[in-house]
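The values are calculated or read from the model by the stated rules, or taken from the named source; none is laboratory data. None of these values were measured; they are calculated from a predicted model. All Cβ positions, glycine included, derive from the backbone under ideal geometry; neighbour counts span all protein chains shown. To get the accessible areas, we keep the full protein, side chains included, count just its heavy atoms, and leave off ligands, DNA and RNA. Shrake-Rupley method; radii C 1.70, N 1.55, O 1.52, S 1.80 Å.
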Amino acid sequence: MEGTSVPEDFNSKIIDEFRANAGQVGGPFEGARLLLLHTTGARSGQERVNPMMYQKLGDDYVVFASKGGAPVHPGWFHNLVAHPRVRAEVGTRTLELRARVAEPNEREPIWTAWKQANPGFADYEAKTTRQIPVIILEPVS
């Protein structure tokens, strides 16, 4: 089908389930902390929504641009670098956030803890030569 891809369909189902169940989903993400990240397309300027696992760090949310260990960063990463003002749906709340890539000294302990808690991400890291970005989403006051 023209204009339709499997990842978009997969994401659409997760997004629908997330919204219908106050942020809870089943299947491969059952029990995982998920948020829906709203970014603005770097080139298109259109809103994009991506479900992703996150880690809470104080008042901040942390997400990881793994793309399953692909050799390139996910599209949403390029979007938030171009437009760091983002929104995230967490449970039934929508938050205004500012995204920034973690500095090397703060990245390492966050990334190490994430891989220990979620070993699949260590597998993603082993599949690629790029450093997987750790993104900190800070609340906007």
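Looking at the stretch 111-126, can you tell me whether even one residue there is in contact with a Pro (Cβ under 9 Å, 6 or more places away or on another chain) and modelled with pLDDT of 95 or more? No: zero hits. You will find that of R48, R107, R98, the residue that is over 25 Å from V25 (Cα atoms) and assigned to a strand (DSSP E or B) is R98 and no other.
Against the conditions (1) hydrophobic (A, V, I, L, M, F, W, C); (2) open to solvent by less than 40 Å² (accessible area, probe 1.4 Å); (3) under 24 Å from F10 (Cα atoms), where does W111 fall short? Just the number, please. W111 satisfies all of (1) hydrophobic (A, V, I, L, M, F, W, C); (2) open to solvent by less than 40 Å² (accessible area, probe 1.4 Å); (3) under 24 Å from F10 (Cα atoms) except (3). When E103 is tested against (1) at pLDDT below 95; (2) open to solvent by 50 Å² or more (accessible area, probe 1.4 Å); (3) not small (G, A, S), only condition (1) is not met. Restricting the search to the stretch 54-94, which residues are closer than 18 Å to R19 by Cβ and either surrounded by fewer than 16 Cβ atoms within 10 Å (Cβ to Cβ) or among the charged types (D, E, K, R) (or both)? Answer for the stretch 54-94, where residues must be closer than 18 Å to R19 by Cβ and either surrounded by fewer than 16 Cβ atoms within 10 Å (Cβ to Cβ) or among the charged types (D, E, K, R) (or both): R87, E89, G91, T92, R93, T94.
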